[in-house]
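Some notes on the structure that comes next.
The values are calculated or read from the model by the stated rules, or taken from the named source; none is laboratory data. Please read these numbers as outputs of a predicted model, since none were measured by experiment. Reconstructed Cβ throughout: ideal geometry from the backbone, glycine too, with neighbour counts over all protein chains shown.
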């Protein structure tokens, strides 16, 4: 099956009230910045979820970058189908057929965001699980620690099927909590402080006091490299390198 979608789930953003859209919009902006090399990716967001449409982009490369973006609780590579029972059964069966090896176990878990769907979650688990069992040899059910865990998320516009959840970085989207200045020296303390400030939603700029010959070009380059590393968690960071020898 063509897994051309990534479902993104929010963490702390879900606790927000009337201003939640501001946090979601900021997260979307940060994700776009981190994925700017992937020009074919398209973005769809609602109050509770964000969906990336890959349009042929490298899924593993995209997911590697998403793991670092603050504000994401988890995400999953997904297959999309129509929200009708026969389409879901057909897609679920085909997806499991691609995944399983003889002797494997499986489990089906349904989330019914679209409450008007004809079957409830337990009925869907039984219906899809039964269909897979009847049509697959040497595959059994294990609800505790299955080899294959098929998750079905039913929405009104479409249904998504996933097999694996990837853990996100958590926290709040960078820029959703104001701005701060980070003094960065090249040691470990300042980038760690920057990391935790960004995780709490702060957008940071960095400043380094450069004092040759007391500090070297190599030390300055280390500061530049550390700042670049921090951009993986939410986008660009402006670095100010201040000549400080005369003052010192």
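Looking only at strands (runs of 3 or more DSSP E) that fall completely inside the range 39-107, which ones have 1 or more residues that are within 12 Å of the chain's Cα centre (by Cα)?
Values: elements: 42-45, 49-53, 72-81.
Because the criterion is at least 1 residues that are within 12 Å of the chain's Cα centre (by Cα), the strands (runs of 3 or more DSSP E) in the range 39-107 that meet it are 49-53, 72-81.
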Problem set entry | Failed criterion for residue 240 (all others in (1) in a strand (DSSP E or B); (2) under 19 Å from the mean Cα position of the chain (by Cα); (3) exposed (fewer than 15 other Cβ atoms within 10 Å of the Cβ) hold) | (2)
For this session: Considering each residue of the range 1-34, count those that are part of a loop (DSSP other than H, G, I, E, B) and farther than 14 Å from residue 168 by Cβ, and give that number.
Result: 8
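Would you check if residue 144 is over 25 Å from the mean Cα position of the chain (by Cα), outside any strand (DSSP E or B) and more than 24 Å from residue 27 (Cα to Cα)?
On the way: over 25 Å from the mean Cα position of the chain (by Cα): yes; outside any strand (DSSP E or B): yes; more than 24 Å from residue 27 (Cα to Cα): yes.
So residue 144 fits the description; yes.
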Exercise. Quick one: how many residues across the range 195-218 are part of a strand (DSSP E or B), touching a helix residue (DSSP H, G or I) at 6+ places or on another chain (Cβ under 9 Å) and over 30 Å from residue 27 (Cβ atoms)?
Worked result: 1
For this session: List every residue pair whose Cβ atoms sit under 8 Å apart, with the two residues 6 or more apart in sequence or on different chains, where the first one lies in the range 174-194 and is part of a helix (DSSP H, G or I) and the second, anywhere, is loosely packed, with under 15 Cβ neighbours inside 10 Å.
Result: 190/183; 191/229
For this session: Please tell me if residue 210 is farther than 30 Å from residue 49 by Cβ, outside the structural domain of residue 13 (by TED's automatic domain parsing) and touching a residue at least 24 places away in the same chain (Cβ under 8 Å).
Result: yes
For this session: Could you run through the range 44-70 and say how many residues are farther than 17 Å from residue 201 by Cα and either in contact with a helix residue (DSSP H, G or I) (Cβ under 6 Å, 6 or more places away or on another chain) or loosely packed, with under 14 Cβ neighbours inside 10 Å (or both)?
Result: 12
